[in-house]
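Report on the following structure.
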Amino acid sequence: MVVNSTIVVEAGEVFDGAGNRYVANPETVGDGSQKENQKSVFRLQDGATLKNVVLGAPAADGVHAYGDALIENVVWEDIGEDAMTIKEEGHVVIRGGSAQHGSDKMFQINAPAKLDIINFTARDAGKMIRQVGGSTFHTEVYIEGSVITNMNEAIFRTDSQTSKVTMVNTRYSNVGEKWYNVEHVSESGN
Ligand code: DGU
Ligand code: CA
Ligand code: CA
Ligand code: CA
């Protein structure tokens, strides 16, 4: 279906897309280019769940999370400006699903957060995870049971000396520097 204005998943609610494909109206939401200020296809309020959704092209500015969120079995067929942005402090869990074809970022962290990525397939982007440039807040990234291929720059890039990444039981290849400026890395079983 064509999304003409951002779909808001209210606090604590579950949006189950039942496997349907959602594409942005390029005129009103965003064309999926690298232009900033596109709107998101989905906006997740605190405690929202988004599941069983396919984001087709154009995917505009993807998914915006405002607080805690569960993003389960969501497939980005062609990442837009980016795939998912943490806009407000919270704990965001991405479980299952995949994302591909990003010109630059896949997951963008713009507020202090925990981001867990479990059983996810990430391929073909600039970097998988970026903490907003120049920020020094503390973020914790946890990656488990995932497959990561073809990142030009890194899996995680940050400018914060306190941010951490843990990666376990994950297969990866051709991921650039892997950890770009990350001071605290813990890995096992990869
Ligand atoms: O270059 O503000 O990529 O949320 C700085 C920009 C950048 C953000 C970010 C986002 O940090 O636009 O899409
Ligand atoms: Ca951006
Ligand atoms: Ca793309
Ligand atoms: Ca963006």
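With N as its number of residues, the chain has a Cα radius of gyration that, divided by 2.2 N^0.38 Å, comes to 0.93. Take every Cα pair under 8 Å whose residues are at least 6 apart in sequence, average their separation, divide by the length of the chain, and the relative contact order is 13 percent. Couplings for the stretch 175-188, taken from phi via the Karplus curve 6.51 cos²θ - 1.76 cosθ + 1.60 with θ = phi - 60°, read 10, x, 6, 6, 10, 9, 6, 9, 7, 10, 10, 9, 9, 7 Hz in order; Gly and Pro are left as x.
For the chain, a Gaussian network of Cα nodes joined below 10 Å ranks Ser160, Ser40, Ser173 by mean-square fluctuation, and the top entry is Ser173. Database remark: amide H of Glu177 closer than 5 angstrom to the amide H of Ala154 (H placed geometrically; neighbours at sequence offset of 5 or more, or on other chains; Pro and chain starts carry no H).
Computed in the context of the full set of protein chains, the accessible area of the chain at 1.4 Å probe radius has 42% of its extent on carbon or sulfur.
Stretched out straight at 0.36 nm per residue, the stretch from Phe15 to Ser103 would grow longer than its current Cα-Cα span by 28.9 nm. Solvent-accessible surface of the chain, averaged per residue with a 1.4 angstrom probe and all protein chains in place: 42 square angstrom. Exposure check, 1.4 Å probe, all protein chains in place: Glu36 carries approximately 120 Å² of accessible surface. Between Ala111, Ala60, Ala11, where does the largest GNM mean-square fluctuation fall for the chain, given springs only between Cα atoms within less than 10 Å? Looking only at Ala111, Ala60, Ala11, the biggest GNM fluctuation is shown by Ala11. In the complete set of protein chains, residue-level accessible area for Arg123 is approximately 90 Å², probe 1.4 angstrom.
The values are calculated or read from the model by the stated rules, or taken from the named source; none is laboratory data. Only a predicted model underlies this, so the values are computations on that prediction, with no experimental measurement involved. Ligands, DNA and RNA are stripped out before the accessible areas are found, and what is left, the full protein with its side chains, is counted by its heavy atoms. Shrake-Rupley method; radii C 1.70, N 1.55, O 1.52, S 1.80 Å.
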